[in-house]
Amino acid sequence: MAAGMAPDDRWVGGYAAYEWRHLRLALEAYAIDPHGRRVLELGCNVGGSAVVLAALGARLSGIDADPLMPPIAAANLARHGLSGDMRTIEAGATLPFADAAFDIVVANSVLEYVDPSHLDATVAELHRVIRPGGRLFICGTASRLPLRERHSGRWLINLLPSAVDGLFGRKLQRGLSPLRLSRALAGRFSVIGGPEAWLAARRAIHGRLGPLTRAYAALGQAARCTPGWFTPYIELSLQKLSDSERPAGWGRSLR
């Protein structure tokens, strides 16, 4: 309440329950086990994902550029009898952690909020703080491909260049371009699994496959890569590449 948030809001007090039904099942589907692992959540927000990760046994740290969020996330963890190291960071800054400090990094519905000018540096920092062979899980990340922006619900905003933002007097929310993301990830991370792994995650979370899900799977099969690149919410299970692994390009390295 002190932060102007309603505890009974689905995305405040109910966020942990939502992620228990979604993030937890996605982690299981992609064989990402946080138990006993050093886990960093990029963009902890109010702590919905943090609660799930801590409940699953993670040795948890969380960061957010909004100074309001880490204290709220810490309070949400405490409300569930859990704990974690929640910190505020400056957008685009070096992360306050040592090299190879984490086994897993979870970026749930956050990379679309990173300023495009900071994206490459942010991914480089994630690569630095993940141990060799460690995991990066990107999920819930609104893509710029749909005609309707997923968070705001506005039509055609994803098609407009940032140059028009001045006409509105503010920065407009857009999804993240998969191509921009792939360029930031290339040479740093490789995707684990293809269409089959993505379909298994969909079954685990939703229990059934609808026509649209099958269409995305077919697209992934045709492109010989995970459908997680094309869906309205980008979803990628990735492994850190060592410095000696230098893929030729994103199209091959990130499939």
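Taken together, the values in this text are just the output of simple stated rules run on the coordinates, not laboratory data. What you see is a predicted model, and the numbers here were worked out from it, not measured in a lab. Note: ideal-geometry Cβ built from the backbone for every residue, glycine included; neighbour counts use all protein chains shown.
Numbers at a glance
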read-out	value
Radius, Kirkwood style, for the chain when every pair of distinct Cα atoms is counted (Å)	18.7 Å
Under-5 Å amide H pairs with residue 65, H placed in peptide plane, nonlocal only	89
Cβ-based exposure ranking for 40, 111, 147, in which fewest neighbours within 10 Å come first	147, 111, 40
Net length gained if the chain between residue 20 and residue 223 were fully extended (0.36 nm per residue, minus Cα distance)	69.9 nm
Net length gained if the chain between residue 200 and residue 83 were fully extended (0.36 nm per residue, minus Cα distance)	39.0 nm
Highest-MSF residue in the chain out of 177, 109, 152 [GNM, Cα springs under 10 Å]	152
Using a Förster distance of 25 Å, the FRET efficiency for residue 90-residue 172 (Cβ separation, nearest 0.05)	0.65
Nearest-20 debye value, the range 15-242 charge dipole, Cβ charges on Lys, Arg, Asp, Glu	580 debye
Only Lys, Arg (+1) and Asp, Glu (-1) charged, at Cβ; the range 149-230 dipole about Cα centre in debye	100 debye
Relative contact order computed over the chain (Cα-Cα under 8 Å; 6+ residues apart), in percent	17 percent
Cut-off 13 Å between beta-carbons: net charge of the residues surrounding residue 144, Lys and Arg +1, Asp and Glu -1	+3
Karplus 3J(HN,Hα) series, Hz, for the range 151-158 with 6.51 cos²θ - 1.76 cosθ + 1.60 (x for Gly, Pro)	7, 7, x, 7, 7, 6, 4, 4
Inter-probe distance in nm under a simple model that places probes 7 Å from Cα toward Cβ, at residue 179 and residue 164	1.8 nm
Most positive-pole-ward Cα, 108, 218, 44, against dipole of the chain from beta carbon charges	218
